[in-house]
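Notes to accompany the following structure.
Read-outs throughout are calculated quantities, based only on the coordinates presented, and are distinct from any laboratory measurement. The structure presented is a predicted model; accordingly, all values stated were derived computationally and were not measured. Neighbour counts are summed over all protein chains in view; Cβ atoms, including those assigned to glycine, are modelled from backbone coordinates with ideal geometry.
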Amino acid sequence: MPRVLLFLIPLLLSQPAFPQADPLTENEASLRELFEQLYLTGSDTEKKQLNDSILQLMPRLLKSPASFDYPFDSLRRIGNVRSPDNAFRIFTWNVPLSSFVHEYHGIIQVGAGKMPSCQVFVLWDQAQRLEEMLHDETAAEKWPGMLYYQVLRNKAGRDVIYTLIGYHFNDRFSDKKIIDVLFFDENQEPVFGKPVFNTENGVQHRVIFEYSGEVVMTVRYNPDLKMIVYDHLSPIEPELEEHLRFYAPDFSYDGYRWKSGMWIHQSEIDVRNR
């Protein structure tokens, strides 16, 4: 037998007959199917069961260091935002139940660095207490549930805090936008809320806007203005001032500018050509 063929036989025998499947791709496909079923089924019981399956699979998967840079971009029904310094990312999703009730779920994945696995924190929804949480610091077990769509990194002295902007389906009549903050304590545990918002109503741990579910409100960091800019809300009729479900953007803009470790409120922002 030719010497070249003798050399190739051990190499061929050592190769698997079929290529190995990528476990991240396989698990992403399983999660995608679970989320699709979650949003297609009409039964609250089935939705909760499907969500339980997601919460069994996803945290285990996210502990793998290889998963931190994996995009999970086929999971289009959930929020997936990464901090500007690439220290962590947060996955968030909602479970729409009957009677226009929404449950919120989230997972923080912190990069492994030199550790053998990523840190994973499951967030437990306390969104029904949102209005009581304007002045609260809360741990992962008492998370003010929302769907995050933007994360900012800020410095307050030597401390790093992250400003989170999110969306909240409130009820059949109104929605909410929320500006919150996240930091990690001395034990590297996540904490939400901090008295860094100098608002028109005094210093708060977070800012909550409620408005009609029939309109769209914009809250987003504007890099040109270097501030968070949002639609100013007004009642659609003066006599409805006490009812936030009748509030809508009035074509003026307010904002928050980061200064000396605080978000400082500013009224009547000029956003033309910005």
*Residue of GLU200, GLU137, GLU36 that the Gaussian network model of the chain assigns the largest fluctuation, springs spanning Cα pairs under 10 Å*: GLU200
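Per DSSP H run of n ≥ 4, the term is -39500 (n - 2.57); total these for the chain, divide by its residue number, and report the mean residue ellipticity at 222 nm rounded to 500 deg cm²/dmol. Walk me through the intermediate numbers first.
On the way: 3 runs with 49 residues, N = 274.
The helix-only estimate for the chain comes to -6000 deg cm²/dmol at 222 nm.
With Cβ to Cβ distances under 11 Å as the rule, what net charge do the other residues near LEU40 carry (K, R +1; D, E -1)? Please list the in-between numbers first.
Numbers: positive: LYS47, ARG77; negative: GLU33, GLU36, GLU46.
Net charge in that neighbourhood comes out at -1.
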*Could you work out how far helix 3-14 tilts from the main Cα principal axis of the chain, as a 0 to 90 degree angle to the nearest 10?*
50 degrees
*asked:* Just to be sure I understand: with springs between alpha-carbon atoms less than 10 Å apart, which residue in PHE197, PHE91, PHE183 has the highest mean-square fluctuation in the Gaussian network model of the chain?
replied: PHE183
*Which whole-Hz ³J(HN,Hα) couplings does segment 23-28 yield from phi under the Karplus relation 6.51 cos²θ - 1.76 cosθ + 1.60, θ = phi - 60°, glycine and proline marked x?*
x, 5, 5, 4, 5, 4
*Relative contact order for segment 21-266, counting Cα pairs under 8 Å that sit 6 or more residues apart, in percent*: 12 percent
